[in-house]
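First the structure, in the form of structure tokens, and then the observations on it.
The values are calculated or read from the model by the stated rules, or taken from the named source; none is laboratory data. These numbers were taken from a predicted model, which means no experiment stands behind them. Positions of Cβ are backbone-derived with ideal geometry, glycine not excepted, and every protein chain shown enters the neighbour counts. Remember, those area values only see protein heavy atoms, side chains included, never the ligands or the DNA or RNA. Shrake-Rupley method; radii C 1.70, N 1.55, O 1.52, S 1.80 Å.
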Amino acid sequence: MQYDYVVLGGGIVGVSTAWQLQQNEPNARILLVEKEKQLAMHQTGHNSGVIHAGVYYAPGSLKAQFCREGVDATKAFCLKHEIPVENCGKLLVATNSVEVKRMEALFERCQDNGIDVEMLSQEQLKEREPNITGLGAIYVSTTSIVNYTKVCMAMSAEFTEMGGEIRFNANVTRLIENTESVEVWVDGGAVETQFLVACCGLMADRVAKQMGLPTDFQIVPFRGEYYRLAEKHNDVVNHLIYPIPDPDLPFLGVHLTRMIDGSVTVGPNAVQG
């Protein structure tokens with residue numbers, strides 16, 4: 001079978017990409033290929049569900065711009081599709097003098113990025129969060145939580161309603177690029193496409209190798225494990241509680257996350273997968 005586009009990967013990036021392509025080119029034949037039995041089976045369905053405001057990104061960068069614009073776009077999409085969003089806000093808490101200095105620099109970065117933030121004193125922090133101890137905090141009012149699996153499913157429904165096709169249980173075994181097209185071999189059969197878009201997450205380097213592309217990198221996955229608090233502790237915090245980032249750590253640090261289902265998780269650790 002012949003397609004104009006084949007998109008590899010049924011996470012939220014792959015689904016969103018296929019959906020946007022179908023909107024921009026309504027007459028195009030677009031196939032989304034997913035190796036699992038349903039969408040959002042990997043990172044999309046295993047995260048904290050936070051709609052981040054773009055606190056950490058360098059001012060003027062595309063990451064900062066896209067994150068800020070993405071907050072409004074995500075909330076508007078959820079409103080249209082009646083997907084619950086909780087605008088709980090986020091507190092980045094400083095617990096020592098070193099973190100206070102980092103907090104002040106981070107506050108300036110937030111302002112440079114056009115993010116609605118407020119600096120809280122130790123007393124104001126305690127008033128908002130009686131169970132949290134710190135010297136001060138940054139309050140980010142636009143940070144929210146959602147179920148990204150539901151977002152992904154709503155996008156896929158729009159994609160298929162416009163004529164897009166999704167193929168599940170489709171493991172890509174071989175990729176062959178010709179002068180005019182790319183052959184995508186899926187479990188013994190092949191489809192042909194003019195354009196191939198790989199949205200494969202942790203498998204991105206393997207897809208590049210299948211295409212015969214030279215790579216000077218290897219993805220080394222880390223799994224972050226969260227612990228869900230007992231239901232009786234669901235009201236232990238009113239906001240998302242994050243530490244001030246430590247530049248020596250490769251992740252944001254252990255935090256308390258309110259989940260859209262009402263539970264609270266603590267984590268993550270970082271385990272090499």
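Out of the range 255-270, which residues are assigned to a loop (DSSP other than H, G, I, E, B) and either modelled with pLDDT of 95 or more or in contact with a strand residue (DSSP E or B) (Cβ under 6 Å, 6 or more places away or on another chain) (or both)? Outline the logic, then answer.
Within the range 255-270, the first condition is being assigned to a loop (DSSP other than H, G, I, E, B), and the residues that meet it are 259-263, 268-270.
Once the filter is applied, which keeps residues that are assigned to a loop (DSSP other than H, G, I, E, B) and either modelled with pLDDT of 95 or more or in contact with a strand residue (DSSP E or B) (Cβ under 6 Å, 6 or more places away or on another chain) (or both), the range 255-270 yields MET259, ILE260, ASP261, GLY262, SER263, ALA270.
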Across the range 177-195, the tally of residues that are among the hydroxyl-bearing types (Ser, Thr, Tyr) and either closer than 22 Å to GLN22 by Cβ or in contact with a Lys or Arg (Cβ under 7 Å, 6 or more places away or on another chain) (or both) stands at 2
Residue list for the range 37-63, restricted to those being under 21 Å from MET259 (Cβ atoms) and not in a loop (DSSP other than H, G, I, E, B): GLN43, THR44, GLY45, VAL50, ILE51
Out of (1) part of a loop (DSSP other than H, G, I, E, B); (2) farther than 28 Å from SER16 by Cα; (3) not aliphatic (A, V, I, L, M), the odd one out for PRO250 is which? (2)
Does PRO243 satisfy being at pLDDT 90 or above, within 30 Å of ILE145 (Cα to Cα) and open to solvent by less than 70 Å² (accessible area, probe 1.4 Å)? yes
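Residues checked against (1) touching a helix residue (DSSP H, G or I) at 6+ places or on another chain (Cβ under 8 Å); (2) at pLDDT 90 or above; (3) open to solvent by 70 Å² or more (accessible area, probe 1.4 Å):
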{"residue": "ASP187", "(1), (2), (3)": "no, no, yes"}
{"residue": "VAL191", "(1), (2), (3)": "no, yes, no"}
{"residue": "PHE195", "(1), (2), (3)": "no, yes, yes"}
{"residue": "MET211", "(1), (2), (3)": "no, yes, no"}
{"residue": "ASP216", "(1), (2), (3)": "no, no, yes"}
{"residue": "GLY224", "(1), (2), (3)": "no, no, no"}
{"residue": "ARG228", "(1), (2), (3)": "no, yes, yes"}
{"residue": "GLU231", "(1), (2), (3)": "no, yes, yes"}
{"residue": "ASN234", "(1), (2), (3)": "no, yes, no"}
Just one of the numbered conditions (1) on the phi > 0 side of the Ramachandran plot; (2) open to solvent by 30 Å² or more (accessible area, probe 1.4 Å); (3) touching a strand residue (DSSP E or B) at 6+ places or on another chain (Cβ under 9 Å) is not true of THR17; which one? (1)
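When only residues in the range 24-57 that are among the polar types (S, T, N, Q) and without any contact (Cβ under 8 Å) to a residue 40 or more places away in the chain count, which is most open to solvent (accessible area, probe 1.4 Å)?
So the first thing to find is which residues in the range 24-57 are among the polar types (S, T, N, Q), and the list is 24, 27, 38, 43-44, 47-48.
Those still in the list that are without any contact (Cβ under 8 Å) to a residue 40 or more places away in the chain too: 24, 27.
On the way: ASN24: 118, ASN27: 150 Å².
In this case the residue turns out to be ASN27.
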May I ask you to list the residues in the range 78-120 that are in contact (Cβ under 8 Å) with a residue 12 or more places away in the chain, at positive phi and open to solvent by 20 Å² or more (accessible area, probe 1.4 Å)? GLY114
